Amino acid sequence: MQQFDIDFNEDGKIIDFLSGNLLEPRPEELVRQNYLRVLHYEYQYPKNVIAKEVAIYYGRSELKDSHGNPVRADIVVYSNAKACIEKDQGKIELIVECKALNEQGGYNQLVSYIFNTSANGGAWYDGDKIQYFRRLTTPNNDLIQWTGIPRKGEAWDALGRRKKDDLRRPIDIKGLLRRCHNKLHGRGVDGEEDDLTMDMVRLILAKALDEEKSGELPEFYCTPEEYLDPDGQERVAERIRSLFLEVIAQNPDVFSEHERISVGKRAICDVVIELQPYRLLSDLQESEDWDIMGHAYEQYTATYLKRKRGQFFTNRLVVDLMAK
């Protein structure tokens, strides 16, 4: 299972993912290097269509900040390699901001970049929080929150309820679960850390059950329209809660009949949009990664579910050693 570890040389310099050049290990560069890997491995964008620190022009003039300094888009994804070489603003697909601004500041920068290019949307990511945005031109020219960004060659409208056969294996499990964890905290959910952790486990189990069920389409999903509408969010939450009730019914010795997912509808939706593009379960013949659910469960619970309520988890290295 590949992890998105950043490469360093012997002097502690970052080895740039795109060029191989050496870079200073600044916090914002570490965030950007991580998301470059996300775009390449998870979304299948080739390295030759991705660029960093791209100047954005308004007419013939570079965009500048409030102090008059030229600004640069952190990550730009072009439609093809030729456009990337030529820095063609008319052939930009996505823009990602990785600066450690607040969400409003990141949104404002994306608006200025996207509306001056052909980009149809993008993301703001600070290493912990992530927000996705899509550009709409009708009825108004708006940049609105969305449920993700498309994979290479995928339409924005395809995001939401993909067929089960179109779900892909996640590569960076730690990063995926960290984003889910931060989504729960980002909603200001009340409760202790281990309560949130158990809610995350319940959501993972609901997702796993849905993958095991027959049918071409999943029930564990959230469309962009549902995500933007309070009633739609409630429909999503009810679907996920119903899946977890099935988990309880199938495992009465593990779960109390009164156990429920306790976080609110928006928090549920935030986790669903992170998990829904992926398939967590695999066929048993896929020997290299059949235990991905175990890795996911351990990764999320190992830090938090210790001692306090009596749950104990054996480190994966110890398990592997004993198995050998």
Handout entry: Residue-level accessible surface for D165, protein heavy atoms, 1.4 Å, Å²
Key = 150 Å²
Practice task
Would you tell me the accessible area of S112, worked out with a 1.4 angstrom probe on the heavy atoms of the protein chains, in Å² to the nearest 10?
Solution key: 40 Å²
Fill in the blank from the handout: 1/(1 + (r/R0)^6) with r = Cβ-Cβ of A155 and M322, R0 = 51 Å, i.e. FRET efficiency to nearest 0.05, evaluates to 0.60
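From the protein chains alone at 1.4 Å, what is the descending order of accessible area for D172, D7, largest first? Intermediate values should be presented prior to the final figure.
Details: D172 10, D7 85 Å².
Greatest to least solvent exposure: D7, D172.
Accessible area per residue, 1.4 Å probe, Å², for the stretch 1-89: what's the number? Provide the component values of the computation, followed by the final result.
Numbers: 4870 Å² over 89 residues.
Using a 1.4 Å probe on heavy atoms only, each residue of the stretch 1-89 averages 55 Å².
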Handout entry: Taking only Cα atoms of the stretch 81-227, radius of gyration then Dmax in Å
Key = 17.3, 51
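D for the stretch 1-122, whole µm²/s, Stokes-Einstein with Kirkwood Rh over alpha-carbon pairs at 4 °C and 1.567 mPa s: what number? The partial results should precede the final answer.
Values: Rh = 15.1 Å.
Estimated diffusion coefficient is 86 µm²/s.
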Problem - Protein accessible area in the stretch 30-184, 1.4 Å probe - carbon and sulfur % - result: 47 percent
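Please give the length that would be gained between R241 and Q104 if that part of the chain were fully extended, namely 0.36 nm times their separation in residues minus their C-alpha to C-alpha distance (nm, one decimal).
Details: separation 137, 0.36 × 137 = 49.32 nm, distance 3.17 nm.
Additional length available on full extension: 46.2 nm.
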Problem - At q = 0.12, 0.15, 0.21 Å⁻¹, base-10 log of I(q)/I(0) for the stretch 29-96 (Debye sum, equal scatterers on each alpha carbon) - result: -0.32, -0.49, -0.87
Practice task
Report the GluC sites (Glu not before Pro) located in the stretch 136-232 that are in a DSSP loop and have at most 12 other Cβ atoms inside 10 Å of their Cβ, or state none.
Solution key: E192, E216
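The values are calculated or read from the model by the stated rules, or taken from the named source; none is laboratory data. Model, not experiment: these values are computed from the prediction. Ideal geometry is used to build each Cβ from the backbone, glycine not excepted, and the neighbour counts take in all protein chains shown. Note: accessible area is taken over every heavy atom of the protein model, side chains too, but ligands, DNA and RNA are not part of it. Shrake-Rupley method; radii C 1.70, N 1.55, O 1.52, S 1.80 Å.
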